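Peer 1: Sharing a structure here in C-alpha cells format.
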Amino acid sequence: MKKLSEYGYRGSNINQRYDGLRFDNKTTFNKVTDVFHASVGHDEDQPAHLHVLDTNICATRCAEEYGNPCQRFCPAAVYEMVDDAATGKRRLQINFSNCVHCKTCDIMDPYQIINWVPPEGGGGPDYKNM
Amino acid sequence: MERESLEMDVVFVGAGPANLSGALHLARLVREYNEAIANGTRAGESLGEIEIGVIEKGASVGAHILSGAVMDPRALAELMPDYAEQGAPIETPVLEDEFLYLTKKRAIKSPITPPPLKNHGYHIVSQNRLTAWLGEKCEEAGVNIFPEFPGAEMLYDRDDRVIGVRTGDKGIDREGRQKANYEPGVDLFAKVTVLGEGARGSLTKQLSQRLNLNDGREPQVYSLGVKELWELPDDRFALGRVTHTLGYPSDTKTYGGGWIYGMPNRVISIGYVTGLDYGDPLLDPHAEFQRFKMHPFIARLLNGGKMIRYGAKTIAAGGLHAMPQLYADGVLLTGDCAGFLNSQRLKGIHTAIKSGMLAAETIFAALLAGDYSAGQLSRYERLVSESWITPELRSVRNFHAGFKGGRWLGMANAGLQFLTG
C-alpha cells in the first residue's frame, strides 16, 4: 500500500475514492449492516484480541501518511477513528466484537503493528450455508 | 487455579477441511494397521490406541468456515470414495460456466471460458456445511474435537522442538482481570502438532518467525474475499451456474474479480475478491464489492432479492514459492496457513484436503518409526512434491504476481498461462 501523497492524493478527504457510493439497504449495505448478517458474537467483557502495539501513531503519523486505512481494509467495521471527548483528540476505537476473523488487518497494516490473536473460545462469526 | 494439561498423540489446530481430512485419514490408517496386526496379515506391533484431538476456536465445527465455493472433488474422492453415499452435503453439480468482462456499464460475455475457470465435473458447495459434515465423520472415527478452544501459543521444549499447544484462557475481563468463570488455557502435549489455521494463522505466524520457516521463500501475497448470500425471487440465476467476472469495479492496477454461484432454493453466493497487494490507501474491499453489486448487470440480477448472510475471509494466493517450510521438529503445516491454494483456479479446498491427507501419512510413518524429528517429518514435503498438488501449483506460480504491473499485463500473463498451462 502506498502513502496518500505517493498515490497522488491531495487534500484530506479520505472518502474521495467512493464519493458516489451510497448504501441503499436494498442492494448495497454498510459494513455494520453486513456484519449483522454474519451473526458475529464475542463476549464484550474481554481484552480486545486485536493487539495494536502503538496506538499513538494512529492520530498522527498514520492519519497523515495513509488516512487510517484500517477503517477501510477491515470488512467488518472493527477499526474506527473517533473524537475522544476527554482529551479532545482523535483516537483509535477497536470494535473487536464485530471481528469476522478474516485477518486482513494483520496483513495490511502499513506499520505491521496490528497483531491478530484469537479471542476467547467460541467468539467470532457463526456462518451458515456460507 | 491450576493449569490443566493433557497428553495426546496428535493435536490438530483448526477444524477446517485440511485438518479434519488429516485427522480422519490418520484415524483410519491407524485403525487399518492395528486390524492387520491383530488378524496376522501384517507383522509388527500394534500402535495401540492413538489419541487424536482437533481444537477449534469457533463455537462449532464450520462456524468460522467461509468459501465461494466451487470444489474440485478430486481430493475428497481420495479421502472417501463413497462421499456421496456417506451424506456429504454436495447437491449442486456445476452445470454452466460463464466468464464476464465488466466495463462500467456493460457485461461482455467471453465466448470461451478460460480453461482454469472451467468447472465441469465440480460442485458448488457450502464449505461451512461440508466442514461440519467432515467433523461428524471425524467423531464417528474416534477423533476428539474440542470447539471453543483456540490455540493461544505453541509449546516448545528447550531445543525449540514443538511439544504441543496451549489453548486460550477463558474468563478474563476487559482490564485483564480474572472473572468468576476464569479458566486458564489447557496445555495439550502431542508427539506431532498440526497447524491448519487458515490464511495468516496466528500460531503459524509465531512459529514461522521463531523457526525461520519463511527463509528463502517469496513473501506471501493475500487476497480478501467479501461475500453475501442472496435469496432471489425467482429462478433468474440457474441452479448450478458459475459466473466469474473481471474488470469493473477494480481499477487497472488492482487485482480483483467477482463470482456468482447458483445454489439450491434460489439462493446465490455472490462475492468479490480484491488482491491485498493493492496500492491505493483509500481502497476499501467491502466498498469494491458494493460497487460490483451496483453494476447494471449485477444490480438487475439482485433486484427484488434479499441479502441473507455476510462474511469475509482472506486467502493466501502466493503459490508454490511463497509456501513456508512445511515441517519442523514435532510440527506440520496444512491448508491455507501453508499457502496450498491455487489462486488461478480460485480453489483451495481440494489442495487443503490433500495436504491434510499427506500430513496424516507422514504422521503415521512417524508413529511407526517412533520419531517425530524434523528429519522424519520432512517426508511430508517429499509427499507433497510427489503428489498432484505440486504440478498443479507450479503451473500457476506467476498468476497473481502478473497483476502487479496492472490488469492488462496481468491478463496477458494469465492468458499466456491459460495457453501454456
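The values are calculated or read from the model by the stated rules, or taken from the named source; none is laboratory data. Note that the structure is predicted; figures quoted are calculated from it, not measured. Here Cβ is always computed from backbone atoms with ideal geometry, including for glycine, and neighbour counts include all displayed protein chains. In case anyone asks, the SASA skips ligands and DNA or RNA and just uses the protein heavy atoms, side chains included. Shrake-Rupley method; radii C 1.70, N 1.55, O 1.52, S 1.80 Å.
Peer 1: For segment B:88-195, just the Cα atoms, rotate onto the principal axes and tell me the three extents in Å, largest first.
Peer 2: 61, 39, 34
Peer 1: If you don't mind, there's one more thing I want to ask. Calculate the FRET efficiency for A:Asp83 and B:Asp82 from the Cβ-Cβ distance with a Förster distance of 60 Å, rounded to the nearest 0.05.
Peer 2: Efficiency computed from Cβ-Cβ geometry: 0.50.
Peer 1: Still on this structure, I have one more. In segment A:1-40, what residues drop by 50 Å² or more in accessible surface going from the chain by itself to the full protein assembly, probe 1.4 Å?
Peer 2: Residues losing area: A:Met1, A:Tyr7, A:Arg17, A:Tyr18, A:Leu21, A:Thr27, A:Phe29, A:Asp34, A:His37.
Peer 1: Between B:Phe189 and B:Glu2, what FRET efficiency comes out of the Förster formula 1/(1 + (r/R0)^6) with R0 = 22 Å and r the beta carbon distance, rounded to 0.05?
Peer 2: The computed FRET efficiency comes out at 0.90.
Peer 1: Let me ask something else. Roughly speaking, what is the centre-to-centre gap between segment B:351-394 and segment B:181-225 when only Cα atoms are used, to the nearest Å?
Peer 2: When both Cα centres are located, 18 Å separates them.
Peer 1: Give the average, rounded to an integer, of partner chain Cβ atoms located within 10 angstrom of each Cβ in A:68-77.
Peer 2: Per-residue shielding by partner chains comes out at 5.
Peer 1: With equal scatterers on the alpha carbons only and no solvent term, can you work out the Debye log10 of I(q)/I(0) for the protein assembly as shown at 0.07, 0.09, 0.11, 0.12 1/Å?
Peer 2: Calculated log10 I(q)/I(0) at the listed q: -0.39, -0.65, -0.99, -1.19.
Peer 1: Over the protein assembly as shown, with every protein chain in place, what whole percent of the accessible area is carbon and sulfur at 1.4 Å, could you tell me?
Peer 2: 48 percent
Peer 1: Past the 26 Å Cα-Cα mark, which pairs from A:Lys26/B:Lys313; B:Lys179/B:Lys227; B:Lys137/B:Lys191; A:Lys89/B:Lys293; B:Lys57/B:Lys313; A:Lys128/B:Lys191?
Peer 2: Violating the 26 Å limit, Cα to Cα: B:Lys179/B:Lys227; A:Lys89/B:Lys293; A:Lys128/B:Lys191.
Peer 1: For B:Glu98 and B:Arg42, what does the FRET efficiency come to when R0 = 51 Å and r is the distance between their Cβ atoms, rounded to the nearest 0.05?
Peer 2: Calculated transfer efficiency: 0.50.
Peer 1: Taking 4 °C and 1.567 mPa s as the conditions, I'd like the Stokes-Einstein D for segment A:29-88 in µm²/s, using the Kirkwood hydrodynamic radius from alpha carbon pairs.
Peer 2: 96 µm²/s
Peer 1: A further question on this structure: Compare B:Asp371, B:Asp234, B:Asp173 in a GNM of chain B, Cα atoms joined below 10 Å, and give the one with the largest fluctuation.
Peer 2: Sorting by GNM fluctuation, first place goes to B:Asp173.
Peer 1: What does the charge add up to near A:Asn115, with Lys and Arg as +1, Asp and Glu as -1, over the other residues with Cβ less than 14 Å from its Cβ?
Peer 2: -1
Peer 1: How high is the relative contact order of chain B, in percent, counting Cα pairs under 8 Å that sit 6 or more residues apart?
Peer 2: After rounding, I find 21 percent.
Peer 1: Express the accessible area of segment B:177-236 per residue in Å², computed with a 1.4 Å probe while the remaining protein chains stay in the model.
Peer 2: For segment B:177-236, the per-residue accessible area is 44 Å².
Peer 1: Okay, moving on. Taking the simple approach of a point 7 Å from Cα along Cα-to-Cβ for both B:Ala180 and B:Asp160, what is their distance in nm?
Peer 2: 4.6 nm
Peer 1: Two-decimal Rg/Rh of chain A from alpha-carbon positions, Kirkwood Rh?
Peer 2: A ratio of 0.97.
Peer 1: Could you tell me which GluC sites (Glu not before Pro) in segment B:137-175 are loop residues by DSSP with no more than 15 other beta carbons within 10 angstrom of their beta carbon?
Peer 2: B:Glu175
Peer 1: Solvent-accessible area per residue for segment B:1-135 at a 1.4 Å probe radius, Å²?
Peer 2: 45 Å²
Peer 1: On average, how much accessible surface per residue is there in chain A, in Å², for a 1.4 Å probe, leaving out ligands, DNA and RNA?
Peer 2: 47 Å²
Peer 1: When only C-alpha pairs under 8 Å and at least 6 residues apart count, what is the relative contact order of segment A:31-130, in percent?
Peer 2: 41 percent
Peer 1: Can you give me the C-alpha center-to-center distance between segment A:24-57 and segment B:117-138, rounded to a whole angstrom?
Peer 2: 28 Å
Peer 1: Need one number: buried accessible surface between chains B and A, 1.4 Å probe, both sides summed, DNA, RNA and ligands left out, in Å² to 100.
Peer 2: 5300 Å²
Peer 1: Still on this structure, I have one more. Can you check how the C-alpha radius of gyration of segment B:124-276 compares to 2.2 N^0.38 Å, as a plain ratio?
Peer 2: Its radius of gyration relative to the 2.2 N^0.38 Å reference: 1.43.
Peer 1: If you count only protein heavy atoms and use a 1.4 Å probe, how large is the accessible surface of B:Thr390, to the nearest 10 Å²?
Peer 2: The value for B:Thr390 is about 10 Å².
Peer 1: Can I ask one more? Average the reciprocal distances over every distinct pair of alpha-carbons in chain B, invert the result, and give the Kirkwood radius in Å.
Peer 2: When all Cα pairs of chain B are included, the Kirkwood radius is 22.5 Å.
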